[in-house]
Amino acid sequence: MAEAIIIDGKEFSSNLRNKIAKDVETLKKERNVVPGLAVILVGEDPASRIYVRKKEEMTEAVGMNSLSYRLDADASQQELLDLIQTLNNDPAVHGILVQLPLPKHIDTPTILEAIDPAKDVDGFHVVNAGLLAIGKPTLVPCTPAGCMMLLENNLGSLQGKHALVIGRSTIVGRPMAQLLLTADCTVTVAHRHTKNLEELCRQADIVVAAVGIPHFVKASWLKPGAVVIDVGINRIPAEDPAAKAAGKTRIVGDVDFAEAVKVASAITPVPGGVGPMTIACLLNNTIQAARNLTPVS
Ligand code: NAP
């Protein structure tokens, strides 16, 4: 069997960002609106700082306004709620993102529910989660939205396909399963209590792995010709012994890519597959929110 098509999320997301830049121009011309994305970071978590900086750079690169808010790690929950309220009422802000995880003294659900659902560009508010659950996706969590774009670009219609989603987090697995269901797939959702996972996997035309365990999905589990979307981002020791001894690491996915590529018909690499889609989908949600919030004058 021929090796799988490698689904290039880098290229796809770059094209998507170019399209978004054009959408920004159109919004400026037709509605006199510059979409604004507010990003709130509480504390100094190094990984969160890198993510936030990337989001801000890409927001500016497509011509949107990037509004940054930094709160100290010991900021109170009320302080954060007050800031969200101000941003909810600000007509220049179309999207609000609170970078997770939050410090332990802040209740994450309370914060996420405080964001105006119309500006909830992460798609985590219960209103948006509920709309997705009843098959009316509006602002959809960014990672699964990106996975759907890659799948539809590769397969066209997903109707009638059997999809297995491994993982049921509210950020990836659950919304992914609901999007696949809305796209008329037959969906199986697996989690740590699932029995016969390998057997279930062998029945699937589409496998989405969102587990967080390096190389968890083996090639022998896959049905020949399956399309595999690997959401996992796992840091493991470098392969090269000298680099390993020096404490260097590398990023791998949840799928044994080197073997799976010989069985699947298409597969996302890690890095360079799903990862780059997430921020592009965040910008896409911001465009959608700006359109919804600003009627044509
Ligand atoms: P998570 O909240 O830890 O959820 C992991 C899921 O995997 C849970 O539902 C868990 O089941 C399930 N699971 C764990 N062990 C299992 C097993 N042995 N068999 C079957 N299911 C098992 O993680 P997440 O936030 O969804 O993220 C998953 C992965 O995607 C991570 O590597 C993360 O870094 C990555 N990620 C990537 C992006 C991106 O932009 N590419 C975005 C978000 C996350 P239970 O529910 O039963 O515990």
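What to note about this one:
- Only one entry of 283, 293 meets the criterion of being hydrophobic (A, V, I, L, M, F, W, C) and touching a Leu at 6+ places or on another chain (Cβ under 8 Å), and that entry is 283.
- Where strands (runs of 3 or more DSSP E) sit wholly within the stretch 1-103, those with at least 3 residues that are outside the structural domain of residue 223 (by TED's automatic domain parsing) and touching a residue at least 60 places away in the same chain (Cβ under 8 Å) occupy 36-42.
- Among residues of the stretch 107-151, those that are in a loop (DSSP other than H, G, I, E, B), surrounded by fewer than 20 Cβ atoms within 10 Å (Cβ to Cβ) and among the aliphatic types (A, V, I, L, M), counted: 1
- Output for the stretch 119-134, where each listed residue is in contact (Cβ under 8 Å) with a residue 24 or more places away in the chain and more than 22 Å from residue 85 (Cα to Cα): 132, 133
- Residues of the stretch 65-106 satisfying the condition of being closer than 21 Å to residue 48 by Cα, open to solvent by 10 Å² or more (accessible area, probe 1.4 Å) and either within 22 Å of the chain's Cα centre (by Cα) or among the hydroxyl-bearing types (Ser, Thr, Tyr) (or both): 65, 66, 67, 68, 69, 76, 99, 100, 101, 102, 103
- All helices (runs of 4 or more DSSP H) inside the stretch 179-297 with 3 or more residues being away from the ligand (no atom under 11 Å from the Cβ) and surrounded by fewer than 24 Cβ atoms within 10 Å (Cβ to Cβ): 241-245, 257-260, 275-293
- Meets criteria (open to solvent by 50 Å² or more (accessible area, probe 1.4 Å), modelled with pLDDT under 95 and among the small types (Gly, Ala, Ser)) for residue 2: yes
- Which numbered condition residue 21 misses (of (1) under 30 Å from residue 265 (Cβ atoms); (2) of a type in the set (Gly, Ala, Ser); (3) at pLDDT 95 or above): (1)
- Residues that are away from the ligand (no atom under 16 Å from the Cβ) and open to solvent by 30 Å² or more (accessible area, probe 1.4 Å), drawn from the stretch 152-178: 152, 153, 154, 155, 156, 157, 159, 160, 161, 162
The values are calculated or read from the model by the stated rules, or taken from the named source; none is laboratory data. It should be emphasised that the depicted structure is a prediction, and the values quoted were computed from it without experimental measurement. Because the Cβ atoms are built from the backbone with ideal geometry, glycine has one as well, and the counts that use them run over all protein chains shown. To get the accessible areas, we keep the full protein, side chains included, count just its heavy atoms, and leave off ligands, DNA and RNA. Shrake-Rupley method; radii C 1.70, N 1.55, O 1.52, S 1.80 Å.
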